[in-house]
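*Asks:* This is the structure I have questions about; it appears just below.
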Amino acid sequence: MDINHPGAPDGFEVTYRDLPLGRMRARTLGRHVPGTPDVVLVQGMAVSDYLMPALACLGEWTRAHLVDLPGLAGSGDPPHELSVREYGQAVASWLDATDLG
């Protein structure tokens, strides 16, 4: 889906975290609501913009984060070609670094 689709959000926060398996970009929208968990969306392989309308919808009722995997979309290059397991480890590292609980 095109980033300019009517469902795409405006005013999202962009952060970068340098982690062991590479720099990871996250786009965040919404606000934390006590008693409601933040939601984390993880892109499929290579692209993530198609998830922006979903980020907008989720951001209406909680804080939502769209995470780009190392070497893909808006993130930095990993130190080597990553396996599926290492992509999972990268997401786990991002979750630990953000302290979402």
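*Asks:* Of the residues that sit in the stretch 47-62 and are open to solvent by 80 Å² or more (accessible area, probe 1.4 Å) and assigned to a helix (DSSP H, G or I), which one is farthest from G30 (Cα to Cα)?
*Replies:* Top of the filtered list is Y50.
*Asks:* Let me ask something else about it. Can you tell me which residue in the stretch 92-101 is surrounded by the fewest Cβ atoms within 10 Å (Cβ to Cβ), limited to those that are of a type outside the set (D, E, K, R) and assigned to a loop (DSSP other than H, G, I, E, B)?
*Replies:* Let us first name the residues in the stretch 92-101 that are of a type outside the set (D, E, K, R), namely 92-95, 97-98, 100-101.
Remaining after also requiring assigned to a loop (DSSP other than H, G, I, E, B): 100-101.
On the way: L100: 14, G101: 6.
The residue in question is G101.
Conditions (1) in a loop (DSSP other than H, G, I, E, B); (2) touching a residue at least 12 places away in the same chain (Cβ under 8 Å); (3) open to solvent by less than 50 Å² (accessible area, probe 1.4 Å), marked per residue:
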{"site": "M45", "(1), (2), (3)": "yes, yes, no"}
{"site": "H65", "(1), (2), (3)": "no, yes, yes"}
{"site": "S75", "(1), (2), (3)": "yes, yes, yes"}
{"site": "R85", "(1), (2), (3)": "no, no, no"}
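*Asks:* Looking at Q89 and the list (1) part of a helix (DSSP H, G or I); (2) open to solvent by less than 40 Å² (accessible area, probe 1.4 Å), which single condition is not satisfied?
*Replies:* Against the list (1) part of a helix (DSSP H, G or I); (2) open to solvent by less than 40 Å² (accessible area, probe 1.4 Å), Q89 comes up short only on (2).
*Asks:* Report those strands (runs of 3 or more DSSP E) wholly inside the stretch 1-43 carrying at least 3 residues which are open to solvent by less than 30 Å² (accessible area, probe 1.4 Å) and at pLDDT 90 or above.
*Replies:* Strands (runs of 3 or more DSSP E) meeting the threshold: 22-29.
The values are calculated or read from the model by the stated rules, or taken from the named source; none is laboratory data. Since the structure is predicted, the reported quantities are computational estimates derived from the model, not experimental observations. Neighbour counts run over all protein chains shown; Cβ positions are idealised from the backbone, glycine included. For the accessible areas, the whole protein counts, side chains as well, though only heavy atoms, and no ligand, DNA or RNA atoms are used. Shrake-Rupley method; radii C 1.70, N 1.55, O 1.52, S 1.80 Å.
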